[in-house]
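The values are calculated or read from the model by the stated rules, or taken from the named source; none is laboratory data. Keep in mind that what you see is a predicted model, and the values were worked out from it rather than measured. All Cβ positions, even for glycine, are placed from backbone atoms using ideal geometry, and neighbour counts span all protein chains on display.
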Amino acid sequence: MNFEKDIIFPVYIYQDVIENIKNLCSKSESEIFGYLIGSIFIWKQIIYLIIAESLFIEGAVHSDKYSTSQIKGTAGEYQKEFQNLKKLKGDFNLRIVGWWHSHPDFGCFLSSTDLLTQKSFFYKPYQVALVVDPIRNEFEFFAIDNSIKKGYKPRSYAIIRINKH
């Protein structure tokens, strides 16, 4: 076994965080959206992140016209909540490491709208998109990859199964 190749993942997420996101997604028939909050680490020139929190603001409404969500929560509202979270946790090194959203019974992929969102707002090389399909009980992380036709690729992950508090 090659330790570096087999053990180091680009994304780590605490079990309570992913369970909370999956729970929120299962309670809505429409697509919903939130931020992924965590820390960035570099080990032997490999960037990886640990997702320790998520943010969610009520207010996504489904749009039949576009088969996607129109989000009522503004970037300013999320930024304010993010700053409050950093103060509450006493950790001013926390970063927005990506975003999450649901695809109820659509499967896990990035739509053209999702890809535009990722490229416009979550464009840093470490930022990821988490897509959750609560109907199919699936979730997947993605990152931008302009070297391939669809423009994104899945990211491997590991779930940290300990209580972080």
task = Taking only region 126-155 into account, find how many residues are in contact (Cβ under 8 Å) with a residue 24 or more places away in the chain, part of a loop (DSSP other than H, G, I, E, B) and in contact with a strand residue (DSSP E or B) (Cβ under 7 Å, 6 or more places away or on another chain).
result = 4
ask   = Filter region 100-121 for residues that are surrounded by 21 or more Cβ atoms within 10 Å (Cβ to Cβ) and among the polar types (S, T, N, Q); which is nearest to residue 54 (Cα to Cα)?
value = 102
inquiry  = Just to be sure before I move on: is residue 70 part of a strand (DSSP E or B) and either touching an Asp or Glu at 6+ places or on another chain (Cβ under 8 Å) or at pLDDT below 80 (or both) in the structure I sent?
reply    = yes
ask   = Among the numbered criteria (1) at pLDDT 90 or above; (2) more than 18 Å from residue 118 (Cα to Cα); (3) in a strand (DSSP E or B), which single criterion is violated by residue 42?
value = (1)
request  = Could you check residue 134 against (1) surrounded by 14 or more Cβ atoms within 10 Å (Cβ to Cβ); (2) more than 12 Å from the chain's Cα centre (by Cα); (3) at pLDDT below 95 and say which number it fails?
outcome  = (3)
ask   = Within the bounds of region 79-95, is there any residue that is at pLDDT below 90 and in contact with a Ser or Thr (Cβ under 7 Å, 6 or more places away or on another chain)?
value = yes
